[in-house]
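Here's the structure, in structure tokens; my notes come after.
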Amino acid sequence: MTDYDIIVIGGGISGLLSALTLSKHGKNVLVLEKNSTVGGNCNSYNVDGFQVDTGPHAITHLREGPLRRLMDEYFTYIPVFLDYGTYYVRTEKGLTKIPSNIQDFVTFDVLPRKDRLLLSQSLTKALTLNAFGMLDGNQSVYDFLPKGLSKDTLNFVDAIAPFLSGKSMKETSVNRVLFGSSFVRDSVSEDIFKDETAANGNSYASAVTGMLSKYQLTARLSTLGRLATNRVAYAQAYPRGGLKSFLNSVLYSMPANVSIKTGERVSEILTIDGKATGVETGTDSYKADAVVYSGFVKSLPSLVPLPSDFKEKIARIEHTLSLTIWLGLSEKMNEFDYMGSEVWFRTGAYWAMPISNYDPCIAPKGKQLVGFTFVIDEKKNIESEKKRALEIIFKAVPGIENKIEMTHYQVTIPEKAAVTINGFIAGPRSPVANLYLVGTDTDNRSMGITRAGYSVLELLKVINEDKKF
Ligand SMILES: Cc1cc2nc3c(=O)[nH]c(=O)nc-3n(C[C@H](O)[C@H](O)[C@H](O)COP(=O)(O)OP(=O)(O)OC[C@H]3O[C@@H](n4cnc5c(N)ncnc54)[C@H](O)[C@@H]3O)c2cc1C
């Protein structure tokens with residue numbers, strides 16, 4: 001038996017960020033990852049000379065959000081971030097910028113003019129009500145939308161919803177759209193952050209999370225001004241060298257008091273008198289003062305006994321299955337001559353990113369790499385979903401089928417919990433003493449890696465509260 005201060009179950013980005021931050025607070029940390037490599041959904045690998053990521057990624061809230069805090073405070077190496085560019089919608093006529101403010105909405109001729117007016121009115125209404133704290137943000141986007149919109153417009157909204165919440169517009173709340181589209185920010189400004197950190201004796205962990213709620217009012221009022229000026233791509237980026245550059249900067253920053261073991265699936269979380277004391281894998285058991293679990297919260301009942309009310313809550317967690325198709329193209333196509341990403345919504349929806357435009361080293365010389373992500377129905381046959389998805393790509397980008405040199409499929413769960421109206425988000429504490437939770441199903445702010453960053457800040461906060469530092 002080996003003793004550690006903290007065992008982290010899972011070596012995805014949430015687990016690794018937890019290990020990095022806790023170890024820099026002096027803890028001896030053991031990370032146990034069931035797969036042969038760490039990184040989980042945050043990684044890149046080579047397929048026939050093209051370097052694909054585990055899904056197309058835009059890393060968000062980099063200027064003032066949780067990742068900024070974590071990088072500034074704990075990283076020894078920081079990746080080079082390249083400006084993300086713009087979100088486009090593709091139609092038969094080509095690309096149009098996705099509107100991020102009222103002015104853009106007015107000229108967004110992808111949708112009928114009447115619908116644009118109705119949508120701008122709805123957005124103004126939502127932001128005004130939100131600014132004064134009067135918005136019922138938990139109602140569904142579908143219920144909030146004005147009546148009489150065309151089918152095309154409803155399809156457009158329904159195509160955007162899964163990228164914000166993981167589910168359809170009927171299950172996505174109005175709040176989710178306001179926050180996810182960055183009209184309403186869940187971050188504080190740099191000035192506020194500096195003042196608050198100084199007021200806390202330059203100690204960061206206790207200052208950060210409380211601050212975000214304290215400044216909510218300021219944030220709410222500033223959303224109204226943003227109606228005119230909002231830029232969706234604000235503070236978003238792609239790491240040069242691919243997604244694995246972000247993972248590598250975490251790994252290179254890891255101090256010597258962290259051990260990482262791969263190929264070790266935790267099969268049981270050990271407890272004595274209701275307190276977590278260690279874990280069991282197929283081959284070993286490890287003891288620790290505390291355990292941090294970064295796998296699916298939904299799978300927790302198979303690892304440790306839990307009270308029935310908590311089990312009932314976690315049974316409500318839903319997630320989304322995604323299919324990403326990476327196409328390595330024999331030459332660069334004019335259709336993908338841009339920085340950013342595109343959405344297609346006409347005959348089924350995809351989100352696509354030509355990532356080799358950020359960094360040409362990602363594809364062989366003169367070639368191009370584009371990732372297309374679809375939300376798929378897990379009850380349907382995966383092979384027929386792949387076929388349907390390819391047909392959608394061929395319809396959206398005529399001629400692409402003649403340029404495909406490499407096709408690679410990834411079927412993944414992007415986030416461990418969809419942020420739906422009736423969904424459950426676990427938070428950092430579990431009902432078992434000394435067992436903490438981290439990852440995209442423990443915090444509902446933002447999305448993906450940024451959400452993982454928020455969950456790590458919350459974890460640090462509660463571990464600090466429990467006087468484990
Ligand atoms: C197609 C796609 C597109 C995406 N787009 C974006 C984007 O644009 N922007 C963004 O920020 N994010 C995006 N994401 C999401 C982002 O990649 C994830 O939210 C993030 O990587 C999740 O990190 P995590 O550590 O919480 O979970 P995971 O990556 O799932 O890591 C959990 C780890 O725990 C391990 N594990 C689980 N159970 C056990 C056990 N019992 N024992 C040992 N190990 C265990 C797993 O093997 C895994 O490695 C996207 C994801 C996908 C798939």
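Before I look further, what does the chain give for accessible area per residue, probe 1.4 Å, in whole square angstrom?
Working: 19820 Å² over 469 residues.
Heavy-atom accessible area per residue stands at 42 Å².
Which of the pairs 97/395; 34/244; 151/416; 170/386; 332/380 have their Cα atoms more than 22 Å apart in this structure? Could you put the intermediate results ahead of the total?
Values: 97/395 20 Å; 34/244 19 Å; 151/416 31 Å; 170/386 25 Å; 332/380 34 Å.
Checking Cα-Cα distances, 151/416; 170/386; 332/380 exceed 22 Å.
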- [ ] Compute the acute angle (0 to 90°) between the alpha-carbon long axis of helix 13-24 and the principal axis of greatest extent of the alpha-carbon atoms of the chain; round to the nearest 10°.
- [x] 40 degrees
Task: the chain: mean projected area of Cα convex hull, nm² - done: 22.2 nm²
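Specify the longest stretch of the chain that does not include any exposed loop site, a site being one of the trypsin sites (Lys or Arg not before Pro) with a non-H, G, I, E, B DSSP assignment and at most 11 other Cβ atoms within 10 Å. Could you put the intermediate results ahead of the total?
Working: sites that count: 93, 147, 365, 379, 380, 467.
With a cap of 11 other Cβ atoms within 10 Å, the longest stretch comes to 148-364.
Where the accessible area of segment 30-110 is counted over protein heavy atoms with a 1.4 Å probe, how much of it, in %, is carbon and sulfur?
Values: 1640 of 3520 Å².
Here it works out to 47 percent.
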Open item on the list: Expected output is a single nm value to one decimal: the length gained when fully extending between residue 117 and residue 80, i.e. 0.36 nm times separation in residues minus the C-alpha distance. What is it?
Closed with: 9.3 nm
TODO: Could you compute the FRET efficiency for residue 394 and residue 151, with r as their C-beta to C-beta distance and R0 at 22 Å, rounded to 0.05?
DONE: 0.45
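Show me the chymotrypsin sites (Phe, Trp or Tyr not before Pro) within segment 98-164 that DSSP assigns to loop and that have at most 11 other Cβ atoms within 10 Å of their Cβ.
Values: sites: 105, 108, 132, 142, 144, 156, 163; in loops: 108, 132.
Here the sparse-neighbourhood loop sites are 132.
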Task: Gap separating the Cα centres of segment 412-460 and segment 92-133, nearest whole Å - done: 31 Å
Open item on the list: Using Cα-Cα distances under 8 Å and only pairs 6 or more residues apart, what relative contact order does the chain have, in percent?
Closed with: 25 percent
Task: With Cα atoms, 0 to 90° folded angle of helix 113-131 axis to the chain main axis - done: 30 degrees
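If you add up the charges near residue 336, with Lys and Arg at +1 and Asp and Glu at -1, over every other residue whose beta carbon is less than 12 angstrom from its beta carbon, what do you get?
Values: positive: 90, 332, 367, 403; negative: 331, 335, 337, 342.
Result for the neighbourhood of residue 336: 0.
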Task: Degrees, to the nearest 10: 190-199 long Cα axis against longest axis of the chain - done: 20 degrees
TODO: Report, by chain and number, residues whose modeled amide H sits under 5 Å from the one on residue 407, excluding near sequence neighbours (fewer than 5 apart, same chain).
DONE: 328
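The values are calculated or read from the model by the stated rules, or taken from the named source; none is laboratory data. Here the structure is a predicted model, which means the values were calculated and not measured. With ideal geometry, Cβ positions are generated from the backbone for all residues, glycine too; neighbour counts draw on all protein chains shown. For the accessible areas, the whole protein counts, side chains as well, though only heavy atoms, and no ligand, DNA or RNA atoms are used. Shrake-Rupley method; radii C 1.70, N 1.55, O 1.52, S 1.80 Å.
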